[in-house]
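Let me begin by presenting the structure, written as structure tokens, before commenting on it.
Throughout, read-outs are computed from the coordinates displayed, never taken from laboratory work. Computed from a predicted model, the values in this text were never measured in an experiment. We place every Cβ from the backbone using ideal geometry, glycine too, and count neighbours over all the protein chains shown.
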Amino acid sequence: MQLIPFNRKKEHKTDPELLEDFLKNRDIEILGELYSRYMYLIYGVCLKYFKEPEKSKDAVIELFEKVQTQIQKHEVKNFKSWVYVVTKNHCLMELRKTKTGEMILVSSNEELANFMENETELHPIDKGPDKKLETALNRCIEKLKAEQKKCIRLFYYENKCYREIAGLLKLDEKKVKSFIQNGKRNLKICLEKQK
């Protein structure tokens with residue numbers, strides 16, 4: 001699949017070297033070379049969510065434009081992991097536009113910035129829409145402590161960041177983060193019991 005034609009450089013550089021070169025020189029060909037290494041991964045993620053090859057190919061091209069702007073706003077340690085999250089979020093946002101009233105989970109900027117390099121799926125709650133999972137999840141959310149429940153709903157259902165939740169609930173940001181982490185752990189335990 002040759003969606004975006006980029007000239008391959010003769011010398012083979014690592015991802016971090018290409019990323020550093022791009023950030024220093026702002027040369028779109030350098031970013032194109034780095035991006036082209038993961039086009040199959042990006043296409044695969046898009047196909048998983050959209051289930052349409054043509055729409056997925058279009059998304060790969062759209063995502064290259066998005067990556068150009070987003071990469072300058074984040075400290076990217078692992079390009080492959082970062083582009084996976086950007087791709088997943090793009091797909092979920094597109095699905096959100098077409099499917100109203102469904103729970104769509106999107107990572108916050110903080111999650112992107114602190115993304116763990118060795119994990120692509122962080123938790124069952126971070127996965128895409130699934131009716132069975134959604135029903136089980138709602139049941140488990142109802143069992144959470146009040147603060148955890150509010151934070152989880154605002155974070156995942158309304159896509160609020162820690163700062164916004166802290167403002168809405170008049171809590172410290174660290175408390176919000178703690179409630180979300182503990183809530184996710186409790187949800188995981190609850191979901192595993194329902195299997």
Looking at the P(r) of the range 16-78, how many percent of alpha-carbon pairs lie beyond 20 Å? 28
Hey, got a sec? Which GluC sites (Glu not before Pro) in the range 30-76 land in a DSSP loop and have at most 16 other Cβ atoms within 10 Å? E75
Approximate spin-label separation I61-T14, in nm, with each point projected 7 Å along Cα-to-Cβ: 3.5
Inter-probe distance in nm under a simple model that places probes 7 Å from Cα toward Cβ, at Q68 and A146: 5.1
Geometric extent, Cα atoms of the range 139-195 - Rg, Dmax (angstrom): 11.2, 36
